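Presented below is the structure to which this report refers.
The values are calculated or read from the model by the stated rules, or taken from the named source; none is laboratory data. Keep in mind it's a predicted model, so treat the numbers as computed, not measured. Here the Cβ positions follow ideal geometry from the backbone for every residue, glycine too, while neighbour counts run over all protein chains shown.
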Amino acid sequence: MKKILIILLTGIVLAACNSDDNVSQQQSTESISEEEINQSEQTSTENKEANATPKKPDNESENDEKEYYYVGDTAYFEESIMINQPYALTVNDFTITREFKGEPMEEYLIGFEEDSAFYLAIVNVTVTNNGSETFKFEENSNISLLESEREGFNYMLDGEISEELTTDIKPSESLTLDLPFIVNVDDSQGAYYMYIDPAGSVFQKIYKLE
């Protein structure tokens, strides 16, 4: 009788142990599954963040990327559309006036009354030949001065400075001259933009003159 009782008790203990082992294994399996799910979700989120296209700040614009030159600055060119060799251009001074070479602008341009909004913008520049061949500054006729920043092409009064434009600039030599442009002061916001080479040229440089 005692043997039977001992056998029964032993069976109950073994059954209980097996039950505890099954619960422990199930809990372990559930824990591992949850950990794998969490890791998978975290990896998915990280991949999405890594592949996301970065957005530019709202205050960034294409204009912020432009490089401007100012009065006193020297712009260096490996070449330009018309001058196929290195040279440099320095803007020494910038003036809004109604006179040129000591004469009122009406002497040069018919129809500009005294109360007109049109003035002459005089840009004093020094051009230096950094190449190996002589050139004339008139060869760089791709210069325009505009009242606001935009694409356009207004030419200087080259007829009034023909002698300077046709002067030979030898290698290592410089030429200083005044470039006169007609501007409408009513269209300006206080700054003028001088373009060397037209829009789309890889050699273009822009002076912001105030």
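For (1) surrounded by 14 or more Cβ atoms within 10 Å (Cβ to Cβ); (2) in a strand (DSSP E or B); (3) over 31 Å from the mean Cα position of the chain (by Cα), each residue gets a yes or a no:
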{"residue": "76", "(1), (2), (3)": "no, yes, no"}
{"residue": "84", "(1), (2), (3)": "no, no, no"}
{"residue": "115", "(1), (2), (3)": "no, no, yes"}
{"residue": "121", "(1), (2), (3)": "yes, yes, no"}
{"residue": "190", "(1), (2), (3)": "no, no, no"}
How many of the residues in the range 141-161 are of a type in the set (Ser, Thr, Tyr) and modelled with pLDDT under 85?
-> 2
Has the range 147-164 got any residue that is surrounded by 14 or more Cβ atoms within 10 Å (Cβ to Cβ) and β-branched (Val, Ile, Thr)?
-> yes
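Residues are listed down the side, and each one gets a yes or a no for (1) of a type in the set (A, V, I, L, M); (2) surrounded by fewer than 18 Cβ atoms within 10 Å (Cβ to Cβ); (3) modelled with pLDDT under 90:
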{"residue": "139", "(1), (2), (3)": "no, yes, yes"}
{"residue": "167", "(1), (2), (3)": "no, yes, no"}
{"residue": "170", "(1), (2), (3)": "no, yes, no"}
{"residue": "175", "(1), (2), (3)": "yes, yes, no"}
{"residue": "183", "(1), (2), (3)": "yes, no, yes"}
Identify all residues within the range 155-188 that are of a type in the set (Asp, Glu), over 17 Å from residue 82 (Cβ atoms) and either touching a helix residue (DSSP H, G or I) at 6+ places or on another chain (Cβ under 6 Å) or not in a loop (DSSP other than H, G, I, E, B) (or both); write none if there are none.
-> 160, 163, 178, 186, 187
Have a look at 126, 166, 176 and point out the one that is farther than 28 Å from residue 67 by Cβ, touching a strand residue (DSSP E or B) at 6+ places or on another chain (Cβ under 7 Å) and assigned by TED's automatic domain parsing to the domain that holds residue 77.
-> 166
Can you run down the residue pairs with Cβ atoms below 6 Å, 6 or more apart or on separate chains, where the first is in the range 174-187 and farther than 30 Å from residue 131 by Cβ and the partner is hydroxyl-bearing (Ser, Thr, Tyr) and surrounded by 17 or more Cβ atoms within 10 Å (Cβ to Cβ)?
-> 183/119; 185/119
Any residue in the range 123-143 that is in a strand (DSSP E or B) and in contact (Cβ under 8 Å) with a residue 60 or more places away in the chain?
-> yes
Mind checking whether some residue in the range 122-132 is in contact with a Lys or Arg (Cβ under 6 Å, 6 or more places away or on another chain) and within 14 Å of residue 207 (Cβ to Cβ)?
-> no
